[in-house]
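Q: One structure follows; several queries about it will come next.
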Amino acid sequence: MELRWDPPGPGQWALDRSHMSGSATPLAQELMSRSMPPGMRRTFKELGVPADTISVGWVNGLLYTRLRPLIGADKPPKKLPPSFILKVAVRLHPEMRRRAKVAGRVMVDRPWRKVVADWESGGRAGVEEKNLALQEVDLASLSDSDLLTHVRRVFQHAVTHWEMHFWLHGSDMGPIGLLLYETAQWGLDPSEVIPLLEGASPSTSEPIRLLADIRRSIEESGREPQTLDEVKAISPQLAADVDRYLRYKGSLLFSRYDLDGVTLGEVPNVILATIRAAEKRDVAAEIDARIAGVRARVPSDQRARFDEVLGEARAAMNLRDDNGPTTAEWPLGLLRLSLLELGRRLAARGRFHAAEHVVELRSDEIDTGLFEGSEPSADDLADRARHRRELVLDDAPRLLGPDEVAPPPDVLPASLSRLVAMVQIVIAQMGMDGHVGKSGLRGVGVGTASYRGRARRAGSPEEALESMEPGDVLVVPCTTPAYNVVLSIAGAVVTSEGGPLSHAAVLARELGIPAVIGAPGALREIPDGAQIEVDPVAGLVTVLGPT
């Protein structure tokens, strides 16, 4: 089948494979389409960003995004009018004038400080409470009609909290964007500044600390458990510790942002391997020294400002890495688990060829007709699954549509120009702008020491993790923030997508794991089982030979 790569709308669209690494399921497409644009529209409006939102489009199941302008979004100009006309237009346009005022206040009031504080003082707990209420429903005891109602309820819960997820990103990425923008004015490169955020995300390292405590208790017992049940049998305290960990982490869909991924509770052997590999790290002194070294290069009259913007960016990092697992991956995992119960029932009655095909449903197909023989048929769903698997996406265009001519920054009021620059630098550092700065096995390095080990890659992240042994090098398209529950197994990490601010890079820094992020050839050129060297200083992966 020959694929068409038509832009999903006016303007230019960038391929985002830092979140969706393959052809997405229908429900994941709908979730993203219904949540990202309104969530980003709200945060842009509240922060005064002179753009409408980030639009979402799907081409052959791949996610493409576009920064949607406030003016002329559906009819982007091929040629800009003279600068003096643009300056007048920007200053007369009612919404641009309002955004300029908001942007000016934002730099004074820093509204993200309140959002971060609210999240820490009850916002997170409120979302966790809703997640737990849905998680504690006994799916097996529900009637067919009640199960359908529950699935639709969980889907709406996911839509609501994914929208919250994208809105919260304004308050975690805003101060990080400000840090990178201002330090660039002092001659500092993002590659020097981003590592200063390490150690500021306890939500990333906390699961490993909890598992390290469980590991220590196991070692003190002198036992060598081979299953989680055997771990729990060692003592009531260990049983309680494991149960509490699984209560908050077991339903996380950690391996990808799609329903064909797996929740942590579905791979108990991976949990056990993570326990065996878990170690606590204390990098506070090292980070302080690193910050001091960079601070010394800041002009002396700007060092107080450097301290301020760095402090706010570090305060926001925990929200950034706590936000995703709580508002996105946990609701997505709950949706997968409820769908699987539905799929098992329908497969048992011969309506589906396999329970897993339930993830190929659209939301409008989740109704009583599924039990009554209406469309889609079992063959239809099997075809959808096969079609998604068979799509060859390595050669998908990074950009679709004609170049959009952007107004030069000097036509905008200073407050708006600064915000545009902040947004652009964050998008680029997350690897979401569609441009490839590296090639082959070169990418962005994380860490200071090279690592040699066995590459573990497979057709999916789940397969790779299932076959991993501690010390192997995990080779995947990208990671989610919830990978922190399993990543300590890896001796190093290589991804084909992402940038210095992508979740894979953040996790590697927080967990002290050498990594090369965004090496485009990783999945094509690294054989599973090969011995490889990961050199984060050079940002290079070298295939040394077979196992």
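The values are calculated or read from the model by the stated rules, or taken from the named source; none is laboratory data. As the structure is a computational prediction, the values presented were derived from the model and not from experiment. So basically every Cβ, Gly included, is an ideal-geometry build from the backbone, and we count neighbours across all protein chains shown.
Q: Considering every residue within the range 265-277, establish whether at least one is modelled with pLDDT under 95, touching a strand residue (DSSP E or B) at 6+ places or on another chain (Cβ under 9 Å) and β-branched (Val, Ile, Thr).
A: no
Quick grid of which residues meet (1) under 30 Å from Tyr257 (Cα atoms); (2) among the hydrophobic types (A, V, I, L, M, F, W, C):
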| residue | (1), (2) |
| --- | --- |
| Leu62 | yes, yes |
| Ile71 | no, yes |
| Pro77 | no, no |
| Pro82 | no, no |
| Val90 | no, yes |
| Met96 | no, yes |
| Val102 | no, yes |
| Met107 | no, yes |
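Q: Restricting the search to the range 72-106, which residues are loosely packed, with under 12 Cβ neighbours inside 10 Å and in contact with a Gly (Cβ under 6 Å, 6 or more places away or on another chain)?
A: Matches in the range 72-106: none.
Q: Against the definition (in the same structural domain as Asp322 (by TED's automatic domain parsing), in contact with a Lys or Arg (Cβ under 9 Å, 6 or more places away or on another chain) and either free of Cβ contacts under 8 Å to residues at least 12 places away in the same chain or aliphatic (A, V, I, L, M) (or both)), how does Val56 come out, yes or no?
A: yes
Q: Right, here's the next one. Find all pairs meeting these conditions: Cβ atoms under 7 angstrom apart; at least six residues apart or on different chains; first residue within the range 159-172 and in the same structural domain as Lys130 (by TED's automatic domain parsing) and without any contact (Cβ under 8 Å) to a residue 60 or more places away in the chain; second residue part of a helix (DSSP H, G or I) and surrounded by 23 or more Cβ atoms within 10 Å (Cβ to Cβ).
A: Between residues of the range 159-172 that are in the same structural domain as Lys130 (by TED's automatic domain parsing) and without any contact (Cβ under 8 Å) to a residue 60 or more places away in the chain and residues that are part of a helix (DSSP H, G or I) and surrounded by 23 or more Cβ atoms within 10 Å (Cβ to Cβ), there is no close pair.
Q: In a loop (DSSP other than H, G, I, E, B) and among the acidic types (Asp, Glu), is that true of Asp380?
A: Considered against the rule, which asks whether it is in a loop (DSSP other than H, G, I, E, B) and among the acidic types (Asp, Glu), Asp380 comes out as no.
Q: Also, I was wondering about something else. Can you find a residue in the range 357-366 that is β-branched (Val, Ile, Thr) and without any contact (Cβ under 8 Å) to a residue 60 or more places away in the chain?
A: Yes: one or more hits.
Table: residues versus (1) touching a residue at least 24 places away in the same chain (Cβ under 8 Å); (2) touching a strand residue (DSSP E or B) at 6+ places or on another chain (Cβ under 6 Å); (3) in a loop (DSSP other than H, G, I, E, B); (4) of a type in the set (Asp, Glu).
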{"site": "Met20", "(1), (2), (3), (4)": "yes, yes, yes, no"}
{"site": "Leu27", "(1), (2), (3), (4)": "yes, no, no, no"}
{"site": "Ser33", "(1), (2), (3), (4)": "yes, yes, no, no"}
{"site": "Arg41", "(1), (2), (3), (4)": "no, yes, no, no"}
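Yes/no matrix, rows are residues, columns are (1) crowded, with 20+ Cβ neighbours inside 10 Å; (2) touching a helix residue (DSSP H, G or I) at 6+ places or on another chain (Cβ under 6 Å); (3) closer than 28 Å to Ser143 by Cβ; (4) not polar (S, T, N, Q):
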residue	(1), (2), (3), (4)
Asp243	no, no, no, yes
Arg297	no, no, no, yes
Gln302	no, no, no, no
Ala316	yes, yes, no, yes
Asp322	yes, yes, no, yes
Trp330	yes, yes, yes, yes
Arg349	no, no, yes, yes
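Q: Does Arg509 qualify as being under 20 Å from the mean Cα position of the chain (by Cα) and at negative phi?
A: yes
Q: Is there any pair with a first residue in the range 277-292 that is closer than 25 Å to Pro470 by Cα and a second that is acidic (Asp, Glu) and not in a helix (DSSP H, G or I) whose Cβ atoms are under 7 Å apart and which are 6 or more apart or on different chains, and what are they?
A: Short answer, once both residue conditions are applied: Val283/Glu198.
Q: Another question, if that's okay. For the range 65-86, does any single residue satisfy the condition of being in a helix (DSSP H, G or I) and out of contact with any helix residue (DSSP H, G or I) (no Cβ under 8 Å at 6 or more places or on another chain)?
A: Within the range 65-86, one or more residues are in a helix (DSSP H, G or I) and out of contact with any helix residue (DSSP H, G or I) (no Cβ under 8 Å at 6 or more places or on another chain).
Q: Can you report the number of residues in the range 447-471 which are surrounded by fewer than 24 Cβ atoms within 10 Å (Cβ to Cβ) and within 26 Å of Ile194 (Cβ to Cβ)?
A: Residues flagged as surrounded by fewer than 24 Cβ atoms within 10 Å (Cβ to Cβ) and within 26 Å of Ile194 (Cβ to Cβ) within the range 447-471 amount to 7.
Q: Here is a check on your reading of the model: is Asp288 acidic (Asp, Glu), modelled with pLDDT of 90 or more and either crowded, with 20+ Cβ neighbours inside 10 Å or touching a strand residue (DSSP E or B) at 6+ places or on another chain (Cβ under 6 Å) (or both)?
A: Taking the combined requirement at face value, the residue does not satisfy it.
Q: Something else now. Within the range 281-300, is even one residue within 20 Å of the chain's Cα centre (by Cα) and under 28 Å from Gly122 (Cβ atoms)?
A: No, because not a single residue in the range 281-300 is within 20 Å of the chain's Cα centre (by Cα) and under 28 Å from Gly122 (Cβ atoms).
Q: Same structure again: Tell me yes or no: at least one residue of the range 475-485 is surrounded by fewer than 20 Cβ atoms within 10 Å (Cβ to Cβ), free of Cβ contacts under 8 Å to residues at least 40 places away in the same chain and of a type outside the set (Gly, Ala, Ser).
A: No: zero hits.
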